[in-house]
Amino acid sequence: MSRVYNFSAGPAVLPEEVLKEAADEMLDYRGTGMSVMEMSHRSKAYDTIIKEAEADLRELMNIPDNYRVLFLQGGASQQFAMIPMNLMKNKKAAYILTGQWAKKAYQEGKIYGEAIEVASSADKTFSYIPDCSDLDIPEDVDYIYICENNTIYGTKFKTLPNTKGHTLVADVSSCFLSEPVDVEKYGVIYGGVQKNIGPAGVVIVIIREDLITEECLPGTPTMLKYKIHADEGSLYNTPPAYGIYICGKVFKWLKKQGGLESMKEYNEKKAKVLYDFLDESKLFSGTVRKEDRSLMNVPFITGNEELDAKFIKEAKAAGFENLKGHRSVGGMRASIYNAMPIEGVEKLVEFMRSFEAENA
Ligand SMILES: *Cc1c(COP(=O)(O)O)cnc(C)c1O
(Lines give C-alpha, C1' and ligand atoms only; values in the text may rest on other atoms or scores of the structure.)
Protein backbone atom coordinates (compact mmCIF):
# COMPACT_ATOMS: atom_id res chain seq x y z
CA MET A 1 0.00 0.00 0.00
CA SER A 2 1.24 3.45 -0.71
CA ARG A 3 -0.52 6.71 0.00
CA VAL A 4 0.13 9.96 -1.84
CA TYR A 5 0.09 13.48 -0.48
CA ASN A 6 -3.39 14.48 -1.56
CA PHE A 7 -3.88 18.23 -1.98
CA SER A 8 -7.42 17.91 -3.35
CA ALA A 9 -9.88 20.70 -2.54
CA GLY A 10 -12.63 18.15 -1.96
CA PRO A 11 -13.40 15.37 -1.47
CA ALA A 12 -10.13 15.58 0.37
CA VAL A 13 -7.61 13.91 2.62
CA LEU A 14 -8.92 12.26 5.82
CA PRO A 15 -6.91 11.22 8.89
CA GLU A 16 -5.30 7.84 8.23
CA GLU A 17 -6.15 6.74 11.75
CA VAL A 18 -9.85 7.26 11.03
CA LEU A 19 -9.71 5.31 7.78
CA LYS A 20 -7.94 2.42 9.47
CA GLU A 21 -10.44 2.32 12.30
CA ALA A 22 -13.32 2.30 9.81
CA ALA A 23 -11.61 -0.53 7.93
CA ASP A 24 -11.30 -2.53 11.13
CA GLU A 25 -15.00 -2.09 11.83
CA MET A 26 -16.14 -2.67 8.26
CA LEU A 27 -17.46 -6.24 8.60
CA ASP A 28 -18.47 -6.27 12.23
CA TYR A 29 -19.19 -3.00 13.96
CA ARG A 30 -18.46 -3.59 17.62
CA GLY A 31 -20.07 -6.98 17.93
CA THR A 32 -23.22 -6.17 15.95
CA GLY A 33 -22.15 -8.62 13.24
CA MET A 34 -22.75 -6.05 10.54
CA SER A 35 -21.26 -3.00 8.93
CA VAL A 36 -22.59 0.46 9.84
CA MET A 37 -23.59 0.57 6.17
CA GLU A 38 -25.94 -2.36 6.71
CA MET A 39 -27.47 -1.14 9.92
CA SER A 40 -30.92 0.31 10.56
CA HIS A 41 -30.72 4.02 11.27
CA ARG A 42 -33.31 3.34 14.00
CA SER A 43 -31.13 0.77 15.74
CA LYS A 44 -29.63 1.18 19.18
CA ALA A 45 -26.09 1.03 17.79
CA TYR A 46 -26.78 3.76 15.25
CA ASP A 47 -28.57 5.92 17.79
CA THR A 48 -25.35 5.95 19.81
CA ILE A 49 -23.29 6.81 16.73
CA ILE A 50 -25.35 9.86 15.72
CA LYS A 51 -25.83 11.11 19.29
CA GLU A 52 -22.12 10.85 20.06
CA ALA A 53 -21.28 12.60 16.80
CA GLU A 54 -23.50 15.52 17.76
CA ALA A 55 -22.20 15.64 21.32
CA ASP A 56 -18.58 15.63 20.16
CA LEU A 57 -19.23 18.35 17.60
CA ARG A 58 -20.97 20.45 20.24
CA GLU A 59 -17.99 20.05 22.54
CA LEU A 60 -15.45 20.87 19.81
CA MET A 61 -17.24 24.02 18.67
CA ASN A 62 -18.64 24.95 22.03
CA ILE A 63 -22.14 25.14 20.53
CA PRO A 64 -24.64 26.83 22.86
CA ASP A 65 -27.85 24.99 23.84
CA ASN A 66 -30.06 27.31 21.82
CA TYR A 67 -28.46 26.07 18.58
CA ARG A 68 -29.50 22.88 16.82
CA VAL A 69 -27.16 20.61 14.89
CA LEU A 70 -28.60 18.98 11.78
CA PHE A 71 -26.99 16.28 9.65
CA LEU A 72 -28.54 16.66 6.20
CA GLN A 73 -28.03 15.65 2.59
CA GLY A 74 -27.83 17.47 -0.72
CA GLY A 75 -24.40 18.97 -0.22
CA ALA A 76 -23.61 22.59 0.50
CA SER A 77 -25.32 23.52 -2.76
CA GLN A 78 -28.74 22.46 -1.51
CA GLN A 79 -28.38 24.96 1.32
CA PHE A 80 -28.22 27.72 -1.29
CA ALA A 81 -31.99 27.12 -1.70
CA MET A 82 -32.86 25.80 1.74
CA ILE A 83 -31.62 28.97 3.45
CA PRO A 84 -33.90 31.39 1.58
CA MET A 85 -36.83 28.94 1.65
CA ASN A 86 -36.64 28.81 5.45
CA LEU A 87 -35.29 32.24 6.37
CA MET A 88 -36.67 34.73 3.84
CA LYS A 89 -39.65 35.97 5.82
CA ASN A 90 -39.36 39.47 4.25
CA LYS A 91 -38.16 37.96 0.98
CA LYS A 92 -35.01 40.02 1.15
CA ALA A 93 -31.41 39.08 1.90
CA ALA A 94 -27.95 40.63 1.55
CA TYR A 95 -25.09 38.70 -0.06
CA ILE A 96 -21.37 39.39 0.03
CA LEU A 97 -19.78 38.09 -3.14
CA THR A 98 -16.28 36.77 -2.56
CA GLY A 99 -16.17 33.98 -5.13
CA GLN A 100 -18.05 31.39 -7.08
CA TRP A 101 -19.73 29.65 -4.16
CA ALA A 102 -21.06 32.93 -2.78
CA LYS A 103 -22.22 33.87 -6.26
CA LYS A 104 -24.05 30.60 -6.71
CA ALA A 105 -25.81 31.08 -3.38
CA TYR A 106 -26.71 34.64 -4.41
CA GLN A 107 -28.11 33.50 -7.74
CA GLU A 108 -30.15 30.80 -6.00
CA GLY A 109 -31.39 33.35 -3.48
CA LYS A 110 -32.75 35.44 -6.35
CA ILE A 111 -35.16 32.65 -7.23
CA TYR A 112 -36.90 33.07 -3.88
CA GLY A 113 -36.79 36.77 -3.19
CA GLU A 114 -34.73 39.92 -3.47
CA ALA A 115 -31.08 38.97 -3.12
CA ILE A 116 -28.99 42.11 -2.79
CA GLU A 117 -25.27 42.31 -3.46
CA VAL A 118 -23.87 44.50 -0.66
CA ALA A 119 -20.14 43.93 -1.31
CA SER A 120 -17.98 42.12 -3.83
CA SER A 121 -14.37 41.44 -4.72
CA ALA A 122 -15.15 40.50 -8.32
CA ASP A 123 -13.18 43.56 -9.55
CA LYS A 124 -9.90 41.79 -8.72
CA THR A 125 -10.90 38.19 -9.48
CA PHE A 126 -11.89 37.61 -5.87
CA SER A 127 -8.29 37.84 -4.68
CA TYR A 128 -9.25 39.71 -1.50
CA ILE A 129 -12.03 40.11 1.07
CA PRO A 130 -13.85 43.44 0.79
CA ASP A 131 -14.09 45.80 3.75
CA CYS A 132 -17.35 44.83 5.46
CA SER A 133 -17.13 47.10 8.50
CA ASP A 134 -19.81 49.55 7.39
CA LEU A 135 -21.94 48.11 4.63
CA ASP A 136 -25.07 49.68 3.28
CA ILE A 137 -27.56 47.05 4.42
CA PRO A 138 -31.32 47.58 3.98
CA GLU A 139 -33.16 47.51 7.31
CA ASP A 140 -35.55 44.71 6.40
CA VAL A 141 -33.19 42.00 5.13
CA ASP A 142 -33.73 38.57 6.65
CA TYR A 143 -30.05 37.71 6.76
CA ILE A 144 -26.57 38.54 5.53
CA TYR A 145 -24.82 35.76 3.68
CA ILE A 146 -21.10 35.05 3.42
CA CYS A 147 -18.87 32.28 2.18
CA GLU A 148 -16.33 32.41 4.99
CA ASN A 149 -13.49 30.57 3.29
CA ASN A 150 -13.33 30.75 -0.47
CA THR A 151 -12.14 27.35 -1.59
CA ILE A 152 -11.40 28.30 -5.18
CA TYR A 153 -9.73 31.69 -4.64
CA GLY A 154 -8.02 30.97 -1.32
CA THR A 155 -9.37 33.89 0.72
CA LYS A 156 -10.85 33.86 4.21
CA PHE A 157 -12.80 36.37 6.29
CA LYS A 158 -10.44 37.14 9.20
CA THR A 159 -13.07 39.36 10.76
CA LEU A 160 -16.76 38.78 10.26
CA PRO A 161 -18.81 41.50 8.57
CA ASN A 162 -20.53 44.09 10.70
CA THR A 163 -24.07 42.81 10.21
CA LYS A 164 -25.63 45.75 12.06
CA GLY A 165 -27.79 43.40 14.05
CA HIS A 166 -28.91 41.18 11.20
CA THR A 167 -28.63 37.40 11.16
CA LEU A 168 -25.36 36.13 9.75
CA VAL A 169 -25.45 33.01 7.56
CA ALA A 170 -22.08 31.44 6.70
CA ASP A 171 -20.96 28.70 4.36
CA VAL A 172 -17.91 27.26 6.13
CA SER A 173 -17.51 24.16 3.94
CA SER A 174 -13.77 24.58 3.45
CA CYS A 175 -12.80 25.91 6.89
CA PHE A 176 -15.11 23.80 9.06
CA LEU A 177 -13.32 22.85 12.32
CA SER A 178 -10.03 24.35 11.17
CA GLU A 179 -10.04 26.83 14.07
CA PRO A 180 -12.31 27.88 16.95
CA VAL A 181 -15.42 29.90 16.10
CA ASP A 182 -17.77 31.99 18.16
CA VAL A 183 -21.03 30.28 17.22
CA GLU A 184 -23.14 33.01 18.79
CA LYS A 185 -22.07 35.47 16.12
CA TYR A 186 -23.98 33.43 13.55
CA GLY A 187 -27.58 32.53 12.88
CA VAL A 188 -26.62 29.66 10.62
CA ILE A 189 -23.25 27.96 10.08
CA TYR A 190 -23.24 25.23 7.51
CA GLY A 191 -20.90 23.22 5.35
CA GLY A 192 -20.54 20.18 3.18
CA VAL A 193 -18.26 17.82 5.08
CA GLN A 194 -16.21 16.53 2.15
CA LYS A 195 -13.64 19.32 2.46
CA ASN A 196 -12.44 19.09 6.02
CA ILE A 197 -14.53 16.55 7.94
CA GLY A 198 -15.69 13.43 6.17
CA PRO A 199 -17.02 11.75 3.05
CA ALA A 200 -19.25 13.54 0.54
CA GLY A 201 -22.97 13.17 1.15
CA VAL A 202 -23.35 14.94 4.48
CA VAL A 203 -23.94 18.62 5.11
CA ILE A 204 -23.93 19.89 8.68
CA VAL A 205 -26.18 22.81 9.58
CA ILE A 206 -25.80 24.58 12.93
CA ILE A 207 -28.79 26.86 13.34
CA ARG A 208 -30.10 29.08 16.11
CA GLU A 209 -33.39 27.74 17.43
CA ASP A 210 -35.48 30.86 16.84
CA LEU A 211 -34.71 30.65 13.11
CA ILE A 212 -36.35 27.24 12.88
CA THR A 213 -40.01 27.92 12.22
CA GLU A 214 -43.09 26.32 10.73
CA GLU A 215 -43.42 29.06 8.13
CA CYS A 216 -41.34 28.56 5.02
CA LEU A 217 -41.87 29.99 1.56
CA PRO A 218 -44.95 28.48 -0.12
CA GLY A 219 -44.13 25.27 -1.95
CA THR A 220 -41.11 24.38 0.21
CA PRO A 221 -40.77 20.58 0.07
CA THR A 222 -41.00 18.80 3.41
CA MET A 223 -37.44 17.54 3.01
CA LEU A 224 -36.17 21.11 2.75
CA LYS A 225 -37.69 22.37 6.00
CA TYR A 226 -35.25 22.78 8.88
CA LYS A 227 -38.11 22.26 11.33
CA ILE A 228 -38.81 18.71 10.16
CA HIS A 229 -35.18 17.67 10.54
CA ALA A 230 -34.79 19.47 13.87
CA ASP A 231 -37.95 17.87 15.28
CA GLU A 232 -36.85 14.42 14.17
CA GLY A 233 -33.22 14.70 15.32
CA SER A 234 -31.93 14.41 11.73
CA LEU A 235 -33.81 11.09 11.42
CA TYR A 236 -36.92 12.23 9.56
CA ASN A 237 -35.88 9.91 6.77
CA THR A 238 -32.79 7.74 6.31
CA PRO A 239 -29.83 10.03 6.91
CA PRO A 240 -26.45 9.61 5.19
CA ALA A 241 -25.71 7.12 7.94
CA TYR A 242 -22.24 5.90 7.02
CA GLY A 243 -21.00 9.42 6.31
CA ILE A 244 -22.19 10.65 9.69
CA TYR A 245 -20.37 7.71 11.30
CA ILE A 246 -17.09 8.76 9.67
CA CYS A 247 -17.66 12.40 10.67
CA GLY A 248 -18.09 11.17 14.23
CA LYS A 249 -14.72 9.46 14.06
CA VAL A 250 -13.11 12.64 12.76
CA PHE A 251 -14.63 14.60 15.66
CA LYS A 252 -13.03 12.14 18.08
CA TRP A 253 -9.74 12.42 16.21
CA LEU A 254 -9.93 16.23 16.50
CA LYS A 255 -10.56 15.99 20.24
CA LYS A 256 -7.50 13.78 20.51
CA GLN A 257 -5.43 16.38 18.67
CA GLY A 258 -6.37 18.85 21.40
CA GLY A 259 -9.46 20.42 19.83
CA LEU A 260 -9.80 23.45 17.60
CA GLU A 261 -7.26 25.68 19.38
CA SER A 262 -4.59 23.10 18.64
CA MET A 263 -5.82 22.64 15.08
CA LYS A 264 -5.59 26.37 14.51
CA GLU A 265 -2.01 26.45 15.77
CA TYR A 266 -1.07 23.47 13.64
CA ASN A 267 -2.83 24.86 10.57
CA GLU A 268 -1.10 28.22 10.97
CA LYS A 269 2.28 26.59 11.27
CA LYS A 270 1.57 24.37 8.27
CA ALA A 271 0.29 27.18 6.02
CA LYS A 272 3.26 29.37 7.00
CA VAL A 273 5.67 26.84 5.51
CA LEU A 274 4.05 27.25 2.12
CA TYR A 275 3.30 30.99 2.28
CA ASP A 276 6.84 31.82 3.43
CA PHE A 277 8.22 29.93 0.49
CA LEU A 278 5.82 31.64 -1.95
CA ASP A 279 6.91 35.03 -0.60
CA GLU A 280 10.60 34.36 -1.16
CA SER A 281 10.36 32.37 -4.41
CA LYS A 282 11.41 33.97 -7.69
CA LEU A 283 9.30 31.55 -9.71
CA PHE A 284 6.15 30.90 -7.68
CA SER A 285 3.82 33.48 -6.21
CA GLY A 286 0.59 33.45 -4.26
CA THR A 287 -2.45 35.10 -5.83
CA VAL A 288 -4.21 36.42 -2.72
CA ARG A 289 -3.80 39.66 -0.77
CA LYS A 290 -1.68 38.69 2.21
CA GLU A 291 -4.04 39.67 5.00
CA ASP A 292 -6.87 37.64 3.46
CA ARG A 293 -5.01 34.39 2.90
CA SER A 294 -6.80 31.16 3.73
CA LEU A 295 -5.15 28.59 5.98
CA MET A 296 -6.86 25.82 4.02
CA ASN A 297 -6.61 26.58 0.29
CA VAL A 298 -3.46 28.07 -1.16
CA PRO A 299 -3.57 29.09 -4.83
CA PHE A 300 -0.31 29.96 -6.58
CA ILE A 301 1.10 30.47 -10.06
CA THR A 302 4.38 30.66 -11.94
CA GLY A 303 3.03 33.30 -14.31
CA ASN A 304 3.53 30.95 -17.23
CA GLU A 305 0.79 28.48 -18.12
CA GLU A 306 3.12 25.96 -19.74
CA LEU A 307 5.34 25.95 -16.70
CA ASP A 308 2.27 25.52 -14.47
CA ALA A 309 1.27 22.44 -16.46
CA LYS A 310 4.81 21.06 -16.30
CA PHE A 311 4.90 21.59 -12.56
CA ILE A 312 1.56 19.84 -11.99
CA LYS A 313 2.67 16.89 -14.09
CA GLU A 314 6.05 16.49 -12.40
CA ALA A 315 4.54 16.97 -8.95
CA LYS A 316 2.06 14.20 -9.64
CA ALA A 317 4.85 11.87 -10.70
CA ALA A 318 6.60 12.68 -7.42
CA GLY A 319 3.55 11.76 -5.32
CA PHE A 320 1.89 15.17 -4.87
CA GLU A 321 -1.66 14.76 -6.15
CA ASN A 322 -4.41 17.21 -7.12
CA LEU A 323 -2.38 20.41 -7.27
CA LYS A 324 -4.16 21.74 -10.34
CA GLY A 325 -6.07 24.95 -9.65
CA HIS A 326 -9.85 25.07 -10.10
CA ARG A 327 -10.83 24.84 -13.77
CA SER A 328 -12.16 28.41 -13.66
CA VAL A 329 -8.91 30.05 -12.49
CA GLY A 330 -6.05 27.79 -13.61
CA GLY A 331 -2.64 27.76 -11.97
CA MET A 332 -2.10 25.62 -8.90
CA ARG A 333 -3.86 25.19 -5.59
CA ALA A 334 -2.71 23.24 -2.57
CA SER A 335 -5.54 22.42 -0.19
CA ILE A 336 -4.00 21.73 3.18
CA TYR A 337 -6.91 20.74 5.38
CA ASN A 338 -6.75 19.45 8.97
CA ALA A 339 -5.73 15.94 7.94
CA MET A 340 -2.80 17.05 5.76
CA PRO A 341 0.33 16.45 7.84
CA ILE A 342 2.91 19.24 7.98
CA GLU A 343 5.45 16.85 6.42
CA GLY A 344 3.28 16.86 3.29
CA VAL A 345 3.65 20.63 2.98
CA GLU A 346 7.37 20.57 3.81
CA LYS A 347 7.98 17.96 1.13
CA LEU A 348 5.91 19.92 -1.36
CA VAL A 349 7.99 23.04 -0.69
CA GLU A 350 11.18 21.01 -1.09
CA PHE A 351 9.88 19.81 -4.43
CA MET A 352 8.93 23.35 -5.49
CA ARG A 353 12.42 24.55 -4.55
CA SER A 354 14.10 21.99 -6.78
CA PHE A 355 11.60 22.65 -9.59
CA GLU A 356 12.47 26.33 -9.33
CA ALA A 357 16.20 25.61 -9.51
CA GLU A 358 15.74 23.42 -12.59
CA ASN A 359 13.48 25.85 -14.40
CA ALA A 360 15.05 29.18 -13.51
C1 LIG B 1 -17.30 22.64 -2.29
C2 LIG B 1 -18.04 23.83 -1.82
C3 LIG B 1 -19.42 23.98 -2.04
C4 LIG B 1 -20.23 22.97 -2.80
O5 LIG B 1 -20.36 21.81 -2.09
P6 LIG B 1 -21.29 20.61 -2.58
O7 LIG B 1 -21.37 19.76 -1.36
O8 LIG B 1 -20.60 19.97 -3.73
O9 LIG B 1 -22.61 21.18 -2.96
C10 LIG B 1 -20.03 25.10 -1.52
N11 LIG B 1 -19.36 26.03 -0.84
C12 LIG B 1 -18.03 25.91 -0.62
C13 LIG B 1 -17.33 26.98 0.16
C14 LIG B 1 -17.33 24.81 -1.10
O15 LIG B 1 -16.01 24.72 -0.89
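The values are calculated or read from the model by the stated rules, or taken from the named source; none is laboratory data. What you see is a predicted model, and the numbers here were worked out from it, not measured in a lab. With ideal geometry, Cβ positions are generated from the backbone for all residues, glycine too; neighbour counts draw on all protein chains shown.
Key figures
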{"quantity": "Within segment 12-40, considering residues that are among the aliphatic types (A, V, I, L, M) and closer than 25 Å to Thr151 by Cα, the one surrounded by the fewest Cβ atoms within 10 Å (Cβ to Cβ)", "calculated": "Leu19"}
{"quantity": "Test: residue in segment 177-192 that is assigned to a loop (DSSP other than H, G, I, E, B) and within 11 Å of the ligand (Cβ to nearest atom)", "calculated": "no"}
{"quantity": "Segment 85-122, residues that are of a type in the set (Phe, Trp, Tyr) and closer than 17 Å to Ser174 by Cβ", "calculated": "Trp101"}
{"quantity": "Long-range neighbours under 7 Å by Cβ, at least six apart or interchain, first residue in contact (Cβ under 8 Å) with a residue 24 or more places away in the chain and in the same structural domain as Cys216 (by TED's automatic domain parsing) within segment 74-87, second within 11 Å of the ligand (Cβ to nearest atom) and among the small types (Gly, Ala, Ser)", "calculated": "Gly75/Gly192; Ala76/Ser173; Ala76/Gly191; Ala76/Gly192; Phe80/Ala105"}
{"quantity": "Sole exception among (1) touching a Ser or Thr at 6+ places or on another chain (Cβ under 8 Å); (2) away from the ligand (no atom under 16 Å from the Cβ) for Glu139, by number", "calculated": "(1)"}
{"quantity": "Total residues in segment 52-91, condition of a type in the set (Val, Ile, Thr) and either within 12 Å of the ligand (Cβ to nearest atom) or within 22 Å of Lys103 (Cα to Cα) (or both)", "calculated": "1"}
{"quantity": "Sole exception among (1) surrounded by fewer than 16 Cβ atoms within 10 Å (Cβ to Cβ); (2) of a type in the set (Asp, Glu); (3) under 25 Å from Gly99 (Cα atoms) for Asp292, by number", "calculated": "(1)"}
{"quantity": "Members of segment 59-86 found to be over 26 Å from Leu260 (Cα atoms) and charged (D, E, K, R), listed by number", "calculated": "none"}
{"quantity": "Conditions (1) more than 29 Å from Trp101 (Cα to Cα); (2) assigned by TED's automatic domain parsing to the domain that holds Gly243; (3) small (Gly, Ala, Ser): number failed by Ser2", "calculated": "(2)"}
{"quantity": "Count - residues of segment 209-233 that are in contact (Cβ under 8 Å) with a residue 40 or more places away in the chain and more than 22 Å from Gly113 (Cα to Cα)", "calculated": "4"}
{"quantity": "Failed criterion for Phe311 (all others in (1) in contact with a strand residue (DSSP E or B) (Cβ under 9 Å, 6 or more places away or on another chain); (2) surrounded by fewer than 16 Cβ atoms within 10 Å (Cβ to Cβ) hold)", "calculated": "(2)"}
{"quantity": "Residue match in segment 187-208 (condition: among the hydroxyl-bearing types (Ser, Thr, Tyr), buried (at least 19 other Cβ atoms within 10 Å of the Cβ) and in contact (Cβ under 8 Å) with a residue 12 or more places away in the chain)", "calculated": "yes"}
{"quantity": "Failed item in (1) surrounded by fewer than 21 Cβ atoms within 10 Å (Cβ to Cβ); (2) over 21 Å from the mean Cα position of the chain (by Cα); (3) within 22 Å of Leu217 (Cβ to Cβ), with Ser77 passing the rest", "calculated": "(2)"}
{"quantity": "Residue list for segment 258-313, filter: in contact (Cβ under 8 Å) with a residue 40 or more places away in the chain and among the acidic types (Asp, Glu)", "calculated": "Glu261, Glu291, Asp292"}
{"quantity": "Among the candidates Pro240, Pro199, Pro218, residue that is out of contact with any Gly (no Cβ under 9 Å at 6 or more places or on another chain) and of a type outside the set (Lys, Arg)", "calculated": "Pro218"}
{"quantity": "Options Ile152, Ile204: the member that is of a type in the set (A, V, I, L, M), within 15 Å of the ligand (Cβ to nearest atom) and assigned to a loop (DSSP other than H, G, I, E, B)", "calculated": "Ile152"}
{"quantity": "Test: residue in segment 156-168 that is of a type in the set (Gly, Ala, Ser), over 16 Å from the mean Cα position of the chain (by Cα) and on the phi > 0 side of the Ramachandran plot", "calculated": "yes"}
